[in-house]
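Quick note: the coordinates plus some simple rules give every number you see, no bench work behind them. Just so you know, these numbers come straight off a predicted model, no measurement behind them. FYI the Cβ positions are ideal-geometry reconstructions off the backbone, even for glycines, and counts take in every protein chain you see.
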Amino acid sequence: MDVSTIKVGTPVTAGLGKLFQTHGLSLKTVVLFDEHTRKLFGDALFETLREEGFQWKELVVPAREASKSFNAAYRLYSLMIEADVDRSWNLLACGGGVVGDLGGFIAASYFRGIPVIQLPTTLLAMTDSSIGGKVAINHPHGKNLIGFFHIPELVLIDPAYLRTLPKREIFGGMSEVVKYGFIADEAFLSFLDSHFNDIVQLKEPFLTEAVRKSADTKADVVKKDFRETTGLRATLNFGHTFAHGLEKLAEYRHMRHGEAVSIGMVCALFLSRNLGYLDQASLEKGLSILGRFRYPRGLVKRRFIEVDSSELLENMLSDKKKLDKKLRFVLLKKLGEAFLLEKNVENEAVIQAIDNAKQFFKGKNPY
């Protein structure tokens with residue numbers, strides 16, 4: 001994915017017609033919202049489309065994970081067919097991860113594929129899910145199991161949209177921002193350490209710098225390993241192997257993805273240290289950053305500390321997306337350098353890392 005397809009600014013939709021034409025896109029677009037983003041951003045966006053000479057069809061889905069389904073997609077296909085939407089159109093997805101995934105899935109499959117433009121409205125979507133072209137719907141056996149690689153023609157990021165979000169969503173998105181520092185850029189990690197509070201309080205220019213750097217880092221990784229053939233793109237899953245188990249235990253309802261990832265990164269740091277890849281000073285610096293995350297009252301205690309470690313491992317092993325029925329761990333050689341561990345990790349080592357992380361969240365030094 002080319003970094004030039006990502007535009008960051010406020011207002012990001014200024015000059016939208018010319019931008020579409022520059023990228024070879026027609027001014028006929030299906031605009032997909034969820035109920036929340038329609039209320040927050042719809043009127044202003046439609047005024048822009050009107051001023052810029054667009055023709056559009058509006059679609060709205062419920063603001064919940066269940067919208068990523070065959071039933072929802074089929075209903076939207078029908079509305080598009082009835083509106084005479086053909087392959088000359090494109091689709092603009094305005095929302096968080098659910099809308100971005102669903103919109104990308106529909107665009108990839110409608111008339112065998114129409115262009116998709118992502119207009120993310122959450123920090124998690126701005127820095128992760130809207131970039132890279134992985135689009136999917138869910139199946140009763142797991143999340144994101146049915147989908148495509150469908151690169152967006154444009155990703156339009158407006159950090160001002162984040163002012164509509166509660167703090168819990170900001171911290172959730174911050175997990176992916178911090179992840180880029182861990183896996184690819186120690187200098188960026190130090191920047192985040194110095195300005196963590198500024199960013200979560202949405203202060204400029206720190207917020208825009210963090211968003212832009214994160215988006216560019218993901219785009220660069222995706223460009224180098226689009227279909228995950230070299231292991232580079234897999235490093236984007238730092239902390240996610242643990243996180244997938246936590247999300248499953250929480251029934252995909254009681255813990256947000258970003259919250260699970262931040263806890264998972266603590267586990268992954270300990271596993272990296274315990275297996276001899278990461279030095280103690282780097283572990284402590286990483287933990288000091290992750291210790292600044294804030295969670296809803298009692299969440300970590302009920303959904304992680306009080307969970308039996310072997311039960312968490314069992315749920316990690318049941319993750320339908322693991323390769324060859326084996327867990328794959330992304331670990332750190334040092335801060336800013338991640339790698340995909342090719343060999344198996346003994347269950348005892350995984351449980352030890354989980355137990356170390358529990359001690360950390362209890363406020364104790366596990367060493």
Legend entry - Hz values of 3J(HN,Hα) by residue in segment 13-29 - Karplus curve (6.51, -1.76, 1.60), Gly and Pro given as x: 8, 4, x, 5, x, 5, 4, 4, 5, 4, 9, x, 9, 6, 8, 10, 9
Legend entry - Angle between the chain longest axis and helix 35-51 axis [Cα atoms, degrees, rounded to 10]: 40 degrees
Inset, instruction - Could you tell me which of GLY286, VAL60, LEU202 has its Cα farthest along the dipole of the chain towards the positive end, charges placed at Cβ (Lys, Arg +1; Asp, Glu -1), taken about the Cα centre? - result: GLY286
Inset, instruction - Arrange the following residues from fewest to most other Cβ atoms within 10 Å of their Cβ: CYS94, CYS267. - result: CYS94, CYS267
Legend entry - Using alpha-carbon coordinates, inclination of helix 97-109 to the longest axis of the chain, degrees: 60 degrees
Legend entry - Subset of LYS68/LYS218; LYS18/LYS68; LYS18/LYS143 violating a 25 Å alpha-carbon distance limit: LYS18/LYS68; LYS18/LYS143
Legend entry - Estimated vicinal HN-Hα couplings, Hz - segment 268-277 in sequence order (Karplus 6.51, -1.76, 1.60; Gly, Pro = x): 5, 4, 5, 5, 4, 5, 5, 8, x, 8
Inset, instruction - Please list, in chain and number order, the residues 5+ apart from ILE6 or on another chain whose amide H is under 5 Å from its amide H, with Hs placed from the backbone. - result: VAL155
Legend entry - About the Cα centre, charge dipole magnitude for segment 104-250 (Lys/Arg +1, Asp/Glu -1 at Cβ), debye: 460 debye
Inset, instruction - Provide TYR252, TYR180, TYR74 in ascending order of the number of other Cβ atoms located within 10 Å of each residue's Cβ, fewest first. - result: TYR74, TYR252, TYR180
Legend entry - Rounded if a/c under 1.5, otherwise prolate or oblate - segment 274-367, Cα gyration tensor axes: oblate
Legend entry - segment 1-148: relative contact order as a whole-number percent, Cα under 8 Å and 6+ apart: 21 percent
Inset, instruction - Quickly estimate the mean residue ellipticity at 222 nm for the chain, helices only: each DSSP H run with n ≥ 4 gives -39500 (n - 2.57), and the total goes over all residues, rounded to 500. - result: -14500 deg cm²/dmol
Legend entry - segment 33-158: C-alpha gyration tensor shape, a/c 1.5 cut-off, then a/b vs b/c: rounded
Legend entry - Sum of side-chain charges, ARG294 neighbourhood, beta-carbon under 13 Å (Lys, Arg +1; Asp, Glu -1): +3
Inset, instruction - Add +1 for every Lys or Arg and -1 for every Asp or Glu among the other residues with Cβ under 14 Å from the Cβ of ALA215, and state the total. - result: -2
Legend entry - Gaussian network model of the chain, Cα within-10 Å springs - most flexible of ASP128, ASP198, ASP158: ASP198
Inset, instruction - Pull up all non-local amide H partners of LYS134: gap of 5 or more, or a different chain, and H-to-H distance under 5 Å with H placed in the peptide plane. - result: HIS150
Legend entry - Whole-Hz couplings from phi, Karplus 6.51/-1.76/1.60, listed for segment 143-157; x for Gly and Pro: 7, 6, 8, 10, x, 9, 9, 9, 5, x, 6, 8, 10, 9, 10
Legend entry - the chain, relative contact order in percent, only Cα pairs under 8 angstrom and at least six apart counted: 15 percent
Legend entry - Rounded to 10°, Cα long-axis angle of helix 70-82 versus longest principal axis of the chain: 20 degrees
Inset, instruction - Report, by chain and number, residues whose modeled amide H sits under 5 Å from the one on LEU92, excluding near sequence neighbours (fewer than 5 apart, same chain). - result: VAL30, VAL31, LEU32, ILE117
Inset, instruction - Show which lysines lie in cross-link reach of LYS364 when reach means a straight Cα distance below 29 angstrom and same-chain residues fewer than eight apart are skipped. - result: LYS167, LYS179, LYS248, LYS285, LYS301, LYS333, LYS334
Inset, instruction - Can you tell me the dipole magnitude for the chain around its Cα centre, using point charges on the Cβ only (Lys, Arg +1; Asp, Glu -1), in Debye to the nearest 20? - result: 500 debye
Inset, instruction - Determine the sum of side-chain charges near ASP308: Lys and Arg each +1, Asp and Glu each -1, restricted to other residues whose C-beta is under 12 angstrom from that of ASP308. - result: -3
